[in-house]
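Reading through the structure tokens given below for one structure.
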Amino acid sequence: MSGEYPVEVQVFPTDLNKDGREEIFVGLASTSLFGNTGESFLLFTKNSAGKYVQHEALGNGRPVILATKNLGYPDILIGGPGFEYPVLKWNGKKYMYSKMMKDAVLQKTKSTDIDEFSKSYTSAIKP
């Protein structure tokens, strides 16, 4: 083993609460680092000074944006292998664990993968 841990990085700009201030998800993919889940993500939001700040680690998996909201921000499900997934809610300052959602409930819930959510945002930006 070479001691290297390859990581694929993807950047997903978006505006979660439609306030005109961009948030950025950074997706990290590596089975060496994240095991069976294979992915993790970071979330950066702008503070009152307009500088990006990283939120605390939210969990390993892929962010899925749910149609349900709290204080104007959509709930985020952390997807990955399994039959039950953590759901995070915005508490006014940061995303916090809220509950677990079973796969059967997720299948009936309106949701958008982070890829599509970001594409929808970036395609609406005027040059």
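Here are the numbers for this structure:
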| quantity | calculated |
| --- | --- |
| Failed item in (1) under 21 Å from TYR121 (Cα atoms); (2) part of a strand (DSSP E or B); (3) more than 10 Å from the chain's Cα centre (by Cα), with ASP19 passing the rest | (2) |
| Residue in region 89-97 that is touching a helix residue (DSSP H, G or I) at 6+ places or on another chain (Cβ under 6 Å) and more than 20 Å from TYR121 (Cα to Cα) present | no |
| One residue from PHE25, PHE83, PHE12 being within 15 Å of PHE117 (Cα to Cα), aromatic (Phe, Trp, Tyr) and in contact with an Asp or Glu (Cβ under 9 Å, 6 or more places away or on another chain) | PHE12 |
| Region 107-127 residues that are surrounded by 13 or more Cβ atoms within 10 Å (Cβ to Cβ), paired with ones that are among the charged types (D, E, K, R) (beta carbon under 8 Å, 6 or more apart) | ASP113/ARG62; ILE114/ARG62; TYR121/ASP15 |
| Subset of region 95-121 (residues that are within 16 Å of the chain's Cα centre (by Cα), of a type in the set (D, E, K, R) and closer than 14 Å to VAL64 by Cβ) | LYS110, ASP113, ASP115, GLU116 |
| Residue list for region 12-37, filter: touching a Gly at 6+ places or on another chain (Cβ under 9 Å) and under 22 Å from MET96 (Cα atoms) | PHE12, LEU16, ASN17, LYS18, ASP19, ARG21, PHE34, THR37 |
| From the options SER48, SER40, SER32, residue that is in contact with a Phe, Trp or Tyr (Cβ under 7 Å, 6 or more places away or on another chain), modelled with pLDDT under 95 and within 30 Å of ILE125 (Cβ to Cβ) | SER40 |
| Looking only at region 37-94, and only at residues there that are aromatic (Phe, Trp, Tyr) and more than 11 Å from the chain's Cα centre (by Cα), the one that is surrounded by the fewest Cβ atoms within 10 Å (Cβ to Cβ) | PHE83 |
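The values are calculated or read from the model by the stated rules, or taken from the named source; none is laboratory data. Keep in mind that this is a model prediction, so the values were computed, not measured. FYI the Cβ positions are ideal-geometry reconstructions off the backbone, even for glycines, and counts take in every protein chain you see.
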